[in-house]
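One structure below.
The values are calculated or read from the model by the stated rules, or taken from the named source; none is laboratory data. Here the structure is a predicted model, which means the values were calculated and not measured. Cβ atoms come from the backbone with ideal geometry, glycine included; neighbour counts cover every protein chain shown. Accessible surface is based on the protein model in full, side chains and every heavy atom, while ligands, DNA and RNA are left aside. Shrake-Rupley method; radii C 1.70, N 1.55, O 1.52, S 1.80 Å.
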Amino acid sequence: MRALLNRWRRWLWRQLFFRMVFGEQGRAGRRLPHTRIAPSTCIEGAQGLDLADHVFIGQFNFLDATAGLRIAEGVQITNFVSIVTHSSHRSIRLLGRSYADHAGDMPGYVRAPVEIGAYSFIGPHSVVEAGSHIGRGVVVCAHSRVRGAVPDFAIVAGSPARAIGDVRTGDARLLAQHPELAAHYAAWAGELPRAEQEHG
């Protein structure tokens, strides 16, 4: 009986608090019928969020859009990801107690927009810092710290994140197995990846 009650409790909790539902709204009331954002994700400065359709944002993420955050079509943001467009920790150290009522420019304060390109993937427990520009088709591996520019189709990992590969290598193998998907891939990527030459 207890196991049945626990299953029911978990089902009810998912339905009320963590259920992912298709359909969001973008800037100027634009409908995004294929976008899903988990209710446990916190969005600060939502007016600065420029969101495209076909985006998935999972559970327990923090998105700071106060300085501008652009998330392009098809982006997947997994769980426990932080994306920040400002950082005040240097200012607080410099100004100490006067930080709260300081007038004028904040020395050391960082404020810069973030952009995430189409069909990129942000792995769990990653941080994307203010001013970062992630290209299209990028894979950010779990537990990465992204700072600065990431080129299109890169696989990045580490803290700070560094390029460790290119997604087109794997994409070429998959497209060779499923050539019927080539038009879908080319529609967002602009071109098909080239299979690596066999060395013999």
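Couple of notes before you dig in:
- The one condition from (1) in contact with a His (Cβ under 7 Å, 6 or more places away or on another chain); (2) over 29 Å from Pro193 (Cβ atoms); (3) touching a residue at least 40 places away in the same chain (Cβ under 8 Å) that Ala112 does not meet is (1).
- Residue ID - surrounded by the most Cβ atoms within 10 Å (Cβ to Cβ), chosen from residues in the range 57-88 that are under 23 Å from Leu16 (Cα atoms) and in contact with a His (Cβ under 9 Å, 6 or more places away or on another chain): Val81
- The residue that is nearest to the chain's Cα centre (by Cα), among those in the range 185-200 that are modelled with pLDDT of 85 or more and more than 12 Å from Asp171 (Cα to Cα), is Trp188.
- Single residue of the range 148-173 satisfying the filter (open to solvent by 40 Å² or more (accessible area, probe 1.4 Å) and farther than 24 Å from Val84 by Cα) that is farthest from the chain's Cα centre (by Cα): Arg173
- Pairs meeting the criteria (first residue in the range 145-167 and farther than 9 Å from Ile134 by Cα and of a type in the set (Asp, Glu), second residue in a loop (DSSP other than H, G, I, E, B) and open to solvent by less than 80 Å² (accessible area, probe 1.4 Å), beta carbons under 6 Å, at least 6 apart or on different chains) are Asp166/Phe153.
- Leading residue by the ranking (least open to solvent (accessible area, probe 1.4 Å)) among those in the range 35-52 that are without any contact (Cβ under 8 Å) to a residue 24 or more places away in the chain and more than 19 Å from Pro124 (Cβ to Cβ): Thr35
- Candidates Leu95, Leu16 - the one that is over 18 Å from the mean Cα position of the chain (by Cα), surrounded by 17 or more Cβ atoms within 10 Å (Cβ to Cβ) and over 21 Å from Val128 (Cβ atoms): Leu95
- Breaking point among (1) modelled with pLDDT of 95 or more; (2) touching a Ser or Thr at 6+ places or on another chain (Cβ under 6 Å); (3) surrounded by fewer than 18 Cβ atoms within 10 Å (Cβ to Cβ), for His125: (2)
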